[in-house]
Amino acid sequence: QKEVEQNSGPLSVPEGAIASLNCTYSDRGSQSFFWYRQYSGKSPELIMFIYSNGDKEDGRFTAQLNKASQYVSLLIRDSQPSDSATYLCAVIGSGGSNYKLTFGKGTLLTVNP
Amino acid sequence: GAVVSQHPSWVICKSGTSVKIECRSLDFQATTMFWYRQFPKQSLMLMATSNEGSKATYEQGVEKDKFLINHASLTLSTLTVTSAHPEDSSFYICSAQPRTSGRGEQYFGPGTRLTVT
């Protein structure tokens, strides 16, 4: 069974700090990795995707992928109170004809002013 | 770009009635759309995958005769909750996968909050 694991949190950081969110996955053949942000009562919003080993930066967000360790992370620099949300790691695994996402349970991030 | 809309955003219906939810990709064509359900403080649960012009594929435990899915075009999928009961009250969210997607990213609609009384 393909699994995606995240610390449920809550992860609490002060405003301006770096928030580090981690995710591991069980399917070694997984090819695509996504980070979604979900505010309470809202639907998920795609914020980052990464396919190759290494780092990918987009503004204050950096996604890191290490396929050998089956590990993907999201760093949020200069965290703002508006970043307070649940962050969902999602993976598209190997096999199958549809690109179904397997989600982790999410990490609740709280950024304190 | 990559905007997905859902209608209605919320609906209240009486037990035993049916409710239809529309999901539209506004600025791209979607070969595949997905329907999820989320209960308060719980994870997203995939209900079904729909491909344009073919029958939906339902996840284990999801009643296909209760949750009717139609993917009539590359920009529209509908979910009909038939004979709704209070336990069907939930947050229903669709997502769409761009036809040109090479890696499977999905864009979510804003969700429909269903309350069955």
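The residues in segment A:35-78 that are away from every other protein chain (no Cβ under 11 Å), of a type in the set (Gly, Ala, Ser) and touching a strand residue (DSSP E or B) at 6+ places or on another chain (Cβ under 7 Å) can be counted, and the count is 3. Checking B:Glu63, B:Glu59 one by one, the residue that is within 16 Å of the chain's Cα centre (by Cα), at pLDDT 90 or above, farther than 20 Å from B:Trp10 by Cβ and within 10 Å of chain A (Cβ to nearest Cβ) is B:Glu59 and no other. I'm trying to understand the selection: among the residues of segment B:35-56, which are without any contact (Cβ under 8 Å) to a residue 12 or more places away in the chain and more than 10 Å from chain A (Cβ to nearest Cβ)? If the condition is that a residue be without any contact (Cβ under 8 Å) to a residue 12 or more places away in the chain and more than 10 Å from chain A (Cβ to nearest Cβ), then B:Lys55 is the only one that fits.
Matching residues to (1) of a type in the set (Asp, Glu); (2) within 11 Å of the chain's Cα centre (by Cα); (3) not in a loop (DSSP other than H, G, I, E, B):
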| site | (1), (2), (3) |
| --- | --- |
| A:Ala17 | no, no, no |
| A:Asn22 | no, yes, yes |
| A:Ser43 | no, no, no |
| A:Ser73 | no, yes, yes |
| A:Ser79 | no, no, no |
| A:Tyr87 | no, yes, yes |
| A:Lys105 | no, yes, no |
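The residues on offer are B:Thr112, B:Thr75, B:Thr32, and the sole one that is within 29 Å of A:Tyr51 (Cβ to Cβ) and within 14 Å of chain A (Cβ to nearest Cβ) is B:Thr32.
Among the residues of segment A:19-30, are any away from every other protein chain (no Cβ under 11 Å) and among the β-branched types (Val, Ile, Thr)? Yes, segment A:19-30 contains a residue that is away from every other protein chain (no Cβ under 11 Å) and among the β-branched types (Val, Ile, Thr). Which of the residues spanning segment A:48-69 are assigned to a loop (DSSP other than H, G, I, E, B) and either within 18 Å of B:Arg103 (Cα to Cα) or among the small types (Gly, Ala, Ser) (or both)? Those that are assigned to a loop (DSSP other than H, G, I, E, B) and either within 18 Å of B:Arg103 (Cα to Cα) or among the small types (Gly, Ala, Ser) (or both): A:Tyr51, A:Ser52, A:Asn53, A:Gly59, A:Lys67, A:Ala68, A:Ser69.
Each residue in segment B:72-117 was checked for being surrounded by 20 or more Cβ atoms within 10 Å (Cβ to Cβ), in contact with a His (Cβ under 9 Å, 6 or more places away or on another chain) and farther than 22 Å from A:Ser40 by Cα, and 1 pass.
The values are calculated or read from the model by the stated rules, or taken from the named source; none is laboratory data. Just so we're clear, the structure is a prediction, and the values are computed from it rather than from any experiment. Virtual Cβ from ideal backbone geometry, glycine too; neighbours counted across all protein chains shown.
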